[in-house]
Amino acid sequence: MDERLRFIARLLEGEKMAPLCREFGISRVTGYKIFDRYKDSGLDGLNDRSRAPYRQANKLPFQIERTILGIKKKHPSWGARKIRDKLLRQFTMVKPPAISTVHAVLDCNGLVKRRKRRRHKASGTALIGASSPNGLWPLARVV
């Protein structure tokens, strides 16, 4: 903000844009952008702006998200498949979200229980126990 203010002050004193931009280490496009923001918004135009996008193209509409959460609240045992089928029947004119999207909405709101991973024990051949010390010798046959 301070650098931009100094830049604008010197520009208003009558200095030329190109040498001033070179001195501040910015492109002329950036210099004109700063100057235009100052002309449009005054000193508030020199503040840092958010870099977040104005909208998210693939974001699910909040009405559908609210409906998904409402169905889950009524039927806690239902999963993403049943909720999507309910949406299909309830709103025939609107294209319903994918099952994975419904699951993602439920997961983001903490409504999905994680299943424990099933561990399979390796079933190998049973070991033969030795009847006395040094009584069992393993042999490797090389052909």
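The values are calculated or read from the model by the stated rules, or taken from the named source; none is laboratory data. Computed from a predicted structure; not experimentally measured. Backbone-built Cβ (ideal geometry, glycine too); neighbour counts: all protein chains shown.
Which one of these does Cys21 not meet: (1) farther than 26 Å from Val112 by Cα; (2) in contact (Cβ under 8 Å) with a residue 24 or more places away in the chain; (3) surrounded by 13 or more Cβ atoms within 10 Å (Cβ to Cβ)?
Of the numbered conditions (1) farther than 26 Å from Val112 by Cα; (2) in contact (Cβ under 8 Å) with a residue 24 or more places away in the chain; (3) surrounded by 13 or more Cβ atoms within 10 Å (Cβ to Cβ), the odd one out for Cys21 is (2).
Would the stretch 125-132 turn up any residue that is modelled with pLDDT of 90 or more and among the aliphatic types (A, V, I, L, M)?
The first filter runs over the stretch 125-132 and keeps only residues modelled with pLDDT of 90 or more, leaving none.
Among the residues of the stretch 125-132, not one is modelled with pLDDT of 90 or more and among the aliphatic types (A, V, I, L, M), which makes the answer no.
If you go through the stretch 11-34 one residue at a time, how many are assigned to a helix (DSSP H, G or I) and closer than 16 Å to Met1 by Cβ?
6
Output the qualifying pairs, or none if there are none: Cβ atoms under 8 angstrom, residues six or more apart or on different chains, first residue in the stretch 72-86 and farther than 15 Å from Lys113 by Cβ and assigned by TED's automatic domain parsing to the domain that holds Ile99, second residue assigned to a loop (DSSP other than H, G, I, E, B) and small (Gly, Ala, Ser).
Close Cβ pairs (under 8 Å, with a partner that is assigned to a loop (DSSP other than H, G, I, E, B) and small (Gly, Ala, Ser)) amount to Arg84/Ala98.
Please report, ordered by residue number, the helices (runs of 4 or more DSSP H) entirely within the stretch 35-119 with at least 2 residues that are hydroxyl-bearing (Ser, Thr, Tyr) and over 30 Å from Cys21 (Cβ atoms).
Helices (runs of 4 or more DSSP H) meeting the threshold: 99-108.
Against the definition (free of Cβ contacts under 8 Å to residues at least 24 places away in the same chain, surrounded by 10 or more Cβ atoms within 10 Å (Cβ to Cβ) and either more than 30 Å from Cys108 (Cα to Cα) or of a type in the set (A, V, I, L, M, F, W, C) (or both)), how does Ile34 come out, yes or no?
So Ile34 fails the test.
Identify all residues within the stretch 90-143 that are in the same structural domain as Lys73 (by TED's automatic domain parsing), among the hydroxyl-bearing types (Ser, Thr, Tyr) and either free of Cβ contacts under 8 Å to residues at least 12 places away in the same chain or touching a helix residue (DSSP H, G or I) at 6+ places or on another chain (Cβ under 6 Å) (or both); write none if there are none.
Thr92
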